[in-house]
1. For the stretch 307-340, what are the residues that are among the aromatic types (F, W, Y) and not in a helix (DSSP H, G or I)?
2. Checking L36 against (1) at pLDDT below 95; (2) within 24 Å of A76 (Cβ to Cβ), which single condition isn't satisfied?
3. Mind checking which residues of the stretch 314-355 are under 19 Å from the mean Cα position of the chain (by Cα) and aliphatic (A, V, I, L, M)?
4. I'd like to check something: does the stretch 129-145 contain any residue that is outside any loop (DSSP other than H, G, I, E, B), open to solvent by 20 Å² or more (accessible area, probe 1.4 Å) and either closer than 27 Å to E275 by Cβ or modelled with pLDDT of 95 or more (or both)?
5. Sort out which residues of the stretch 233-261 are open to solvent by less than 10 Å² (accessible area, probe 1.4 Å) and of a type outside the set (A, V, I, L, M, F, W, C), and write them in order of number.
6. Could you give every pair whose Cβ atoms fall below 8 Å, whose first residue belongs to the stretch 348-371 and is more than 18 Å from G319 (Cα to Cα) and among the aliphatic types (A, V, I, L, M), and whose second residue is assigned to a strand (DSSP E or B) and open to solvent by less than 20 Å² (accessible area, probe 1.4 Å), counting only separations of at least 6 or pairs across chains?
7. Taking the criterion of being of a type outside the set (D, E, K, R), over 23 Å from S342 (Cβ atoms) and more than 18 Å from the chain's Cα centre (by Cα), would at least one residue in the stretch 53-63 satisfy it?
8. What strands (runs of 3 or more DSSP E) completely inside the stretch 5-89 contain at least 2 residues that are of a type in the set (V, I, T) and under 16 Å from A227 (Cβ atoms)?
Amino acid sequence: MTQRLRIGYVPLTDAALLHVVKAQNLTGKYGLGIELIAESSWANIRDKLVAGHFDAAHMLAPAAIAVSLGAGQIEAPLIAPVALGLNGNAFTVSNALFEALLREVQGDMSDPRVTARALARIMARRREKAEPQLTFGHVFPFSSHHYQLRLWLRAGHIDPDEDVRLVVVPPPFMAETLRKGQLDGFCVGAPWNSVAVAAGAGIILHQGTDIVRDCPEKVLAFRTEWARTHKEEVGALVEAIGGASRWASSSSNRNALVTLLTATAGQDVPAATIERILGDPASPSASPLVATGLRLDEEAIKASPIQALWLYAQMVAAGQITYSDAFAAAAAAVYEPTPGSSIPPNHAATPAVFDAPVFSANDIPSYLASLNPSGTND
């Protein structure tokens, strides 16, 4: 009898490998089936995984770490033995803000430093006129989207906690919220930036890779206690994700992958949009405006403790948690490889920020001091 595992996910292109596992029945040889359950928000994913409604979940990597550390929520140990990809986010701004930036920029509009400084001048004039602060959306407090926004604002010497409003909006609602004028911009994963552009609600200003190259994104998370008692199931899912990565990375499967992700995207996202999001260089319709740098290859699914520590450092820099060696060790332990896994964490990519010091996992306090030289990290 086939055992069926319940896995929660948010409809995003970077849930691709889970869809491939299901469509290709890559867990069938282990006597496992999977049921994918869509949720609209990351809070639902977190709560249902912790409560045991899900056996596993497509989860924001920083959220998995935050839950394990008890940062901003009840502590519940999680592990993430495999990642589901790197990159995939983008910044979209309203048409009005894009036009204002065009008038204000002094330099190359594709340079995040240039746009951040232009944004700072726009905001200064708004303050002089007593106009409301600009509002930017991201998907969850503990998310790379939030941290990428903060790193961009930092380049313009903009205080993300004082000078702008940062609010949480579930990914499927971003485009409509921007269209209604409730947001001036947002950072979200694919395909929601492209959906906003297609709806005429906004313009993609920067890809996430313009801010952070090889940015950790989603992981396959489990409750630690459940994983300890279901080692065979966890190992089978990890190996299936590895198989899905190899399948998705093969150029011969490109069309089938686009068809699969188009069918699972919802909201009538056209195949051409999915194809451009995947950034196929062979595609004549590939556009730098929507090629997000999403990586699904085998290196991109390695859950490296160095990536966990980079995310923990961003949490500290955002004032979400204090720094301690014990917290750092606990954060690194979330990315725990399964014994005998064919996806070892060595040689995983290290995130690189466009306008910040090089990250060193061996000296996080010095990294934080150089990231925020005038502030404190505790």
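The values are calculated or read from the model by the stated rules, or taken from the named source; none is laboratory data. As the structure is a computational prediction, the values presented were derived from the model and not from experiment. Quick reminder, even Gly has a Cβ in these numbers, built from the backbone with ideal geometry, and neighbours come from all protein chains shown. Heads up: the accessible areas ignore ligands, DNA and RNA and are worked out on the full protein's heavy atoms, side chains in. Shrake-Rupley method; radii C 1.70, N 1.55, O 1.52, S 1.80 Å.
1. Step one: filter the stretch 307-340 for residues among the aromatic types (F, W, Y), giving 310, 312, 323, 327, 335.
Y323, Y335, listed by residue number.
2. The number of the failed condition is (1).
3. Result: M315, V316, A317, A318, A331, A332, V334, A348, A349, A352, V353.
4. Our first condition is that a residue be outside any loop (DSSP other than H, G, I, E, B); within the stretch 129-145, this holds for 135-138, 144-145.
Going one step further and asking which of them are open to solvent by 20 Å² or more (accessible area, probe 1.4 Å), we end up with none.
The answer is no; no qualifying residue exists.
5. Residues satisfying the conditions are G242, S245.
6. A349/L86; A352/V212; V353/V212
7. First pass over the stretch 53-63, keeping only residues of a type outside the set (D, E, K, R): 53-54, 56-63.
Filter again for over 23 Å from S342 (Cβ atoms), leaving 53-54, 60, 62-63.
Cutting the leftovers down to more than 18 Å from the chain's Cα centre (by Cα) gives us 53-54.
Yes, the stretch 53-63 contains a residue that is of a type outside the set (D, E, K, R), over 23 Å from S342 (Cβ atoms) and more than 18 Å from the chain's Cα centre (by Cα).
8. On the way: elements: 32-38, 56-60, 78-83.
It comes to 78-83.
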